Amino acid sequence: MANVEIYTKATCPFCHRAKALLSEKGVAFQEIPIDGDADKREEMIKRSGRTTVPQIFIDAQHIGGCDDLYALDGRAGLDPLLK
């Protein structure tokens, strides 16, 4: 099973959508909340090069945000990564 990490904020609707898609697929993921956590936010920016949430990694490969995750799924690229 793939190692899925997702950087999130509690108030972010895109984070909830991304988590919903992963949950639908029965994937366990490690949620890394960055609300009020400057160190975790810095870590996310270093890893992804982006400042927005969510930022999603599958087996340490940067997937991107919610739209990227749905686009990947739309072109049947997500399932193989999750295996």
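Solvent exposure of the range 4-60, expressed per residue, is 55 Å² of accessible area, with all protein chains present and a 1.4 angstrom probe. Secondary structure note: in the chain, about 60% of the DSSP beta bridges are antiparallel. Put a dot 7 Å past the Cα of residue 51, heading toward its Cβ, do the same for residue 28, and the two dots end up 3.6 nm apart. Please work out how much accessible surface residue 25 shows to a 1.4 Å probe, ignoring ligands, DNA and RNA, in Å² rounded to 10. Roll a 1.4 Å probe over it and residue 25 shows about 70 Å².
Summed over qualifying helices (DSSP H, 4 residues or more, each -39500 (n - 2.57)) and divided by its residue number, the chain shows a 222 nm mean residue ellipticity of -12500 deg cm²/dmol. Neighbours of residue 31, meaning other residues whose beta-carbon lies under 9 angstrom from its beta-carbon, give a summed charge of 0 when Lys and Arg score +1 and Asp and Glu score -1.
The accessible-area ordering, largest first, of the residues 7, 70 stands as 70, 7, per a 1.4 angstrom probe. Ranking 72, 78 by solvent-accessible area of protein heavy atoms (1.4 Å probe, all protein chains present), from largest to smallest, gives 72, 78. Relative to the Cα centre, the charge distribution of the chain, modelled as +1 at Lys and Arg Cβ and -1 at Asp and Glu Cβ, gives a dipole magnitude of about 120 debye.
Using only alpha carbon pairs under 8 Å that are at least six residues apart, calculate the relative contact order of the range 11-83 and give it in whole percent.
Values: 55 pairs, mean separation 20.1, N = 73.
Averaging sequence separation for qualifying contacts and normalising by length gives 28 percent for the range 11-83.
Using a probe of 1.4 Å, the accessible surface attributed to residue 29 totals some 60 Å² when neighbouring protein chains are kept in position. Surface composition of the chain: carbon and sulfur atoms hold 51% of the protein heavy-atom accessible area at a 1.4 Å probe.
The values are calculated or read from the model by the stated rules, or taken from the named source; none is laboratory data. Keep in mind it's a predicted model, so treat the numbers as computed, not measured. Virtual Cβ from ideal backbone geometry, glycine too; neighbours counted across all protein chains shown. Heavy atoms of the whole protein, side chains included, go into the accessibility calculation; ligands, DNA and RNA do not. Shrake-Rupley method; radii C 1.70, N 1.55, O 1.52, S 1.80 Å.
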